[in-house]
Amino acid sequence: MSEASTPSPLASTTDVGGIRIHALDAGTQWLDGGAMFGVVPRPLWSRRAPPDDRNRIPLALRCLLVEAPGALVLVDTGIGNKESEKFHHIYGVDNGASVEDGVAPTRLQDAIRAAGFKPDDIDIVVSTHLHFDHAGGNTHRRTVGDVVPSFPRAEYVVQEDEFHFAHRTNERTRASYLTANFDPIQRAGLWRFVQGEAEITEGVRVIPTPGHTPYHQSVLVESAGETACFLADVCPTAAHLPLPWIMGYDLEPLVTLESKRELWEKAFRDDWLLVFEHDPVVAWGRLDPDVDRPALRGSPG
C-alpha cells in the first residue's frame, strides 16, 4: 500500500489495495485541551499537543473521500457554513472559502475539487455521528436563508439509533447536536439508516465503535487484503492512541476504552492504516508492533 501524498495541501492521497482514498482538509477548530484529553494530566497531554494561552489545542476537520468501485463516498463533512460569528469565535473555527454561485462554500468543497472531483460527484455521504463538527457540512445555508442538503444527488448514511439519539438531547448533549445539520436531510428523503455493522458499497463498511456517543461508527475501506479505518472520535488524534487517553467529551468513556482495545487488536493483526479526523498534523499511519503501548511507526513516542 503506497502512502505517498499529492502536493495539494487540501487533499492527501493514498491507495488501499485497488481503492484510492483522499484525506480532505475541511478546516480547523480550537478546543480546550483538558476537555480533549479527559482525565489525562495536563503535564502529559501538553507535551503532545501544546495549548495556546486559552488552553486550546488546534484540531483538524479532516474528512475522507473514497473512490470505491461503485460510488464516490464522502465520510463526514466538517462544520459547514451555517453557524454565527460568535460560534466560530467560541470554537476557533477556520473553514471558509470564497463565495461563488450564490452559496457560501467551505474549505471542504475546495478540498473535494483538489482531489479531482466536484461536490456534485458525491454519491454517498457517511456520517460517523451527528455532532456539529462531523455533520455540519451535510447541509448548507443558501444566501436566501434556507438550509438545504449540500450533496442533493447523494444518499446519506448514519446509524438509525444515532439519528434518534440526536433528537433526544439533554443539558449534556444538546450543544453538540444541531438539527439543521440533519433534519433537512430527512425532509429531502435522503437518509439511509443502518443498524450495526453494514456494507455501504463495495469496499466500504461501517462498524459500531461506541463510547463517544452510544451509536458512533467508524468506517472501513477494504480492498485486495488491505484495510484503512477512518476512526472519527473513537480516537480523534494520534495522541489519543494509548487506551486510557480518552476525551472528556465522551459520553461513555469506559465503552470507548473497549472500542479502542478491539480496534487496536485488529489493526495490529492486519496492519490497518488508521486515519485520524482531528489530528492537525498526522492524517494517517500504522501501529508500531515493536512498542509496548499503541503508537505509530516512526513516532517519537
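No lab work stands behind these numbers, since they all come straight from the coordinates. For clarity, every value in this text was computed on a predicted model and none was experimentally measured. We place every Cβ from the backbone using ideal geometry, glycine too, and count neighbours over all the protein chains shown.
For the stretch 68-155, the spread of Cα positions along the three principal axes, ordered from largest to smallest, is 42, 29, 24 Å.
DSSP finds beta bridges in the stretch 11-285, and of those with both partners inside it, around 75 percent are antiparallel. Here the convex hull built on the C-alpha positions of the chain has a volume of 130 cubic angstrom per residue. Between the stretch 248-301 and the stretch 210-245, the alpha-carbon centres lie 7 Å apart. The eigenvalues of the Cα gyration tensor, multiplied by 5 and square-rooted, give the stretch 148-301 an equivalent ellipsoid with semi-axes of 28, 19, 13 Å from largest to smallest. Within the stretch 85-207, DSSP assigns beta bridges of which about 55% are antiparallel (rounded to the nearest 5). Net charge in the neighbourhood of Pro41 (other residues with Cβ under 14 Å of its Cβ; Lys, Arg +1, Asp, Glu -1) is +3.
Counting only residues at least eight positions apart within a chain, or on another chain, the aspartates and glutamates with an alpha carbon under 17 Å from that of Lys260 are Glu197, Asp233, Asp250, Glu252, Asp270, Asp271, Glu277, Asp279, Asp288, Asp292. Under the criterion of Cα pairs below 8 Å and six or more residues apart, the relative contact order for the stretch 212-257 equals 40 percent.
Taking the Cα centre of the chain as origin and assigning +1 to Lys and Arg Cβ atoms and -1 to Asp and Glu Cβ atoms, the resulting dipole is close to 660 debye. Comparing Val194, Val282, Val291 in a Gaussian network model of the chain (Cα springs below 10 Å), the most mobile by mean-square fluctuation is Val291. Counting only the Cα atoms, the stretch 121-195 fills a convex hull of 93 Å³ per residue. Peptides 147-153, 231-237 ranked from most to least packed give 231-237, 147-153, packing being the mean of other C-beta atoms within 10 angstrom over each peptide's residues.
Dividing the mean sequence gap of close Cα pairs (under 8 Å, 6+ apart) by how many residues the stretch 103-187 holds gives a relative contact order of 33 percent.
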